[in-house]
Each structure stands twice: as structure tokens, then as C-alpha cells.
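Colleague: Okay, handing you the structure first.
The values are calculated or read from the model by the stated rules, or taken from the named source; none is laboratory data. These figures come from a predicted structure and were not determined experimentally. FYI the Cβ positions are ideal-geometry reconstructions off the backbone, even for glycines, and counts take in every protein chain you see. SASA here: full protein model, heavy atoms, side chains in, ligands and nucleic acids out. Shrake-Rupley method; radii C 1.70, N 1.55, O 1.52, S 1.80 Å.
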Amino acid sequence: MVSVNTGRGKDADWAGKLRRTAIDKRPVGGRVEVSRLGLGGDEQVDKPAHGGPEQAVYAYAREDLDWWVEQLGRELADGMFGENITTAGLDVTGAMIGEIWHVGTARVQVTGPRIPCAVFAGWMDERHWVKRFADARRPGAYLRVLREGDLGAGDRLEVASRPAEQVTIAESMTAYYGDAALMRRLLRVEGRGLEWDTIAPGVLDRAAARS
């Protein structure tokens, strides 16, 4: 793990309806507490969209940040995408929904992808950012905390288990944007984020209407 990143809420005119955001995450040293609602010292301003037990921690791979460096022609520091954990050596995009990781003394589970929003677009200040981020299918992973503990930069991040029904983070994003076959598979995944049961009916109904 390259870095652990936290941030506090700040007022910002570009930050959607709330006009406030904590997307500006910066690396912190030492051990950081991991609870079922997130990292110690970190704030989640828009909890329905970016917080709560199902999205307690957000992980993004340094390898994917470096890919974006090439695409955007600008440097991207650890934490720039609002991630709490910047990983290295782990294929976060290829991680499975329901996959369980050991990190530090904590145990976490992959629940879903990050869906880009207006706040993220305002923060990045790149043209058509929501569409570009969605199309890239490199969304990072939201995590629920199964066992509280602590973590720090340099800790090993190990995959402890994967579910029998396998849908990757990238595939789950495709399901979110309308792939009914993938959504049906996702609904069979043990350990999926609870929100999928709310999202799925709309995706499946729209697919049925098109057929």
C-alpha cells in the first residue's frame, strides 16, 4: 500500500448541491484507525453517495492513477481521486465484488465501484470528466469493513478470499450503466454491496423495455 489518505470537509462553489466536499484527501503518516464507518481523521460530507458502512473506505490503484497521468498530461498525487487507500501491486479494477482483503490489522470487503459525479468533475476540472472516467472502467473500489483495526503506508494488502460468482469491479460498472446480463450475475454474488439490490430493478426494467 503506497499511502493512506484522509481529508476534512471544505466549502466549494463547484461541489454540487451541498457546496461542500471532502474529496481533497492527503497522505498521512503513522497508523490510522479503520472503523466500520471509515478512517480515523477522515470526513465524508455526502454520506449517501460516498460513505456509510457499505462505502466506508475507497481504494484506488497507483497503477491506474499513472494511466490517468498519461491520459491527462498532468501529475496526480496519491489521494487525488479522493481515495483513502492508494494501492500498488493489486489489480483493483480486476478485483471481484465480494472479494475480501486483509490490510494492516483490518479486514475489508469489495462492495462496488466509484460512480463519477458532479463533485468529482468539479474537483478534476477536466472536460467531460464524468463520461471519460466512466468510459475508462478504472473506477476504484468501495470497501465495507468486516473487522476493524488499523493500517498505514507500506502495509501489505492481501486477497483473503473471492466469491464463487465472480464479477469484477470494471464489470460491475458496466452493469450499473445498463448491462442486464452482468447485473443478473452480480445479484448472485455473495457479499455484494446492499445498494445493488436497489439499483438492479431499474437496470433490468430498462433492458426489458428495450427488448
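Colleague: Mind telling me which of the residues Ala175, Ala160, Ala164 ends up being open to solvent by less than 10 Å² (accessible area, probe 1.4 Å), over 23 Å from Leu76 (Cα atoms) and in contact (Cβ under 8 Å) with a residue 24 or more places away in the chain? Walk me through it before giving the result.
Modeller: Values: Ala160 fails: open to solvent by less than 10 Å² (accessible area, probe 1.4 Å); Ala164 fails: open to solvent by less than 10 Å² (accessible area, probe 1.4 Å).
So the residue among Ala175, Ala160, Ala164 that is open to solvent by less than 10 Å² (accessible area, probe 1.4 Å), over 23 Å from Leu76 (Cα atoms) and in contact (Cβ under 8 Å) with a residue 24 or more places away in the chain is Ala175.
Colleague: Could you tell me whether the range 79-91 includes any residue that is open to solvent by less than 30 Å² (accessible area, probe 1.4 Å), of a type in the set (S, T, N, Q) and assigned to a loop (DSSP other than H, G, I, E, B)?
Modeller: yes
Colleague: Sticking with this structure for a sec: Considering only the range 1-48, state which residues are crowded, with 16+ Cβ neighbours inside 10 Å, in contact with a helix residue (DSSP H, G or I) (Cβ under 8 Å, 6 or more places away or on another chain) and within 19 Å of Arg144 (Cβ to Cβ).
Modeller: Leu37, Gln44, Asp46
Colleague: Name every residue in the range 121-154 that is open to solvent by less than 40 Å² (accessible area, probe 1.4 Å), touching a Lys or Arg at 6+ places or on another chain (Cβ under 9 Å) and touching a residue at least 24 places away in the same chain (Cβ under 8 Å), in order of residue number.
Modeller: Across the range 121-154, the qualifying residues are Pro139, Gly140, Ala141, Tyr142, Arg144, Val145, Gly149, Leu151, Gly152.
Colleague: Right, next: Go through Val69, Val92 for me and flag whichever is of a type in the set (Val, Ile, Thr) and free of Cβ contacts under 8 Å to residues at least 40 places away in the same chain.
Modeller: Numbers: Val92 fails: free of Cβ contacts under 8 Å to residues at least 40 places away in the same chain.
On inspection, the qualifying residue turns out to be Val69.
Colleague: Could you check, for the range 180-187, whether at least one of its residues is within 24 Å of Asn84 (Cβ to Cβ) and open to solvent by 60 Å² or more (accessible area, probe 1.4 Å)?
Modeller: There is no residue in the range 180-187 that is within 24 Å of Asn84 (Cβ to Cβ) and open to solvent by 60 Å² or more (accessible area, probe 1.4 Å).
Colleague: Here is a list of conditions, (1) touching a Gly at 6+ places or on another chain (Cβ under 6 Å); (2) open to solvent by less than 10 Å² (accessible area, probe 1.4 Å); (3) not in a loop (DSSP other than H, G, I, E, B), and Leu65 meets all of them except one; can you say which number that is?
Modeller: Evaluating Leu65 over (1) touching a Gly at 6+ places or on another chain (Cβ under 6 Å); (2) open to solvent by less than 10 Å² (accessible area, probe 1.4 Å); (3) not in a loop (DSSP other than H, G, I, E, B) leaves (1) as the failure.
Colleague: Quick check on the range 63-72. Is at least one of its residues closer than 15 Å to Gly152 by Cα, modelled with pLDDT of 95 or more and not hydrophobic (A, V, I, L, M, F, W, C)?
Modeller: no
Colleague: Can you tell me how many residues within the range 49-62 are small (Gly, Ala, Ser) and surrounded by fewer than 17 Cβ atoms within 10 Å (Cβ to Cβ)?
Modeller: Number of matching residues: 1.
Colleague: Can Ala118 be described as surrounded by fewer than 17 Cβ atoms within 10 Å (Cβ to Cβ), modelled with pLDDT under 95 and under 20 Å from Phe81 (Cβ atoms)?
Modeller: Judged against the criteria, Ala118 is a match.
Colleague: In addition: Which one is nearest to the chain's Cα centre (by Cα) among residues in the range 10-41 that are small (Gly, Ala, Ser) and at pLDDT 90 or above?
Modeller: Once the filter is applied, the top-ranked residue is Gly38.
Colleague: For a quick check of your reading of the model, give me the residue pairs whose first member lies in the range 189-206 and is assigned to a helix (DSSP H, G or I) and of a type outside the set (D, E, K, R), whose second is modelled with pLDDT of 95 or more and open to solvent by 60 Å² or more (accessible area, probe 1.4 Å), with beta-carbon atoms closer than 9 Å and at least 6 apart or on different chains.
Modeller: Cβ pairs passing all conditions: Trp196/Tyr176; Ile199/Tyr176; Ala200/Arg184; Val203/Tyr176; Val203/Tyr177; Leu204/Arg184.
Colleague: Another question about this same structure. For the range 101-112, state whether one or more residues are of a type in the set (S, T, N, Q), touching a Phe, Trp or Tyr at 6+ places or on another chain (Cβ under 8 Å), open to solvent by less than 10 Å² (accessible area, probe 1.4 Å) and not in a loop (DSSP other than H, G, I, E, B).
Modeller: There is at least one residue in the range 101-112 that is of a type in the set (S, T, N, Q), touching a Phe, Trp or Tyr at 6+ places or on another chain (Cβ under 8 Å), open to solvent by less than 10 Å² (accessible area, probe 1.4 Å) and not in a loop (DSSP other than H, G, I, E, B).
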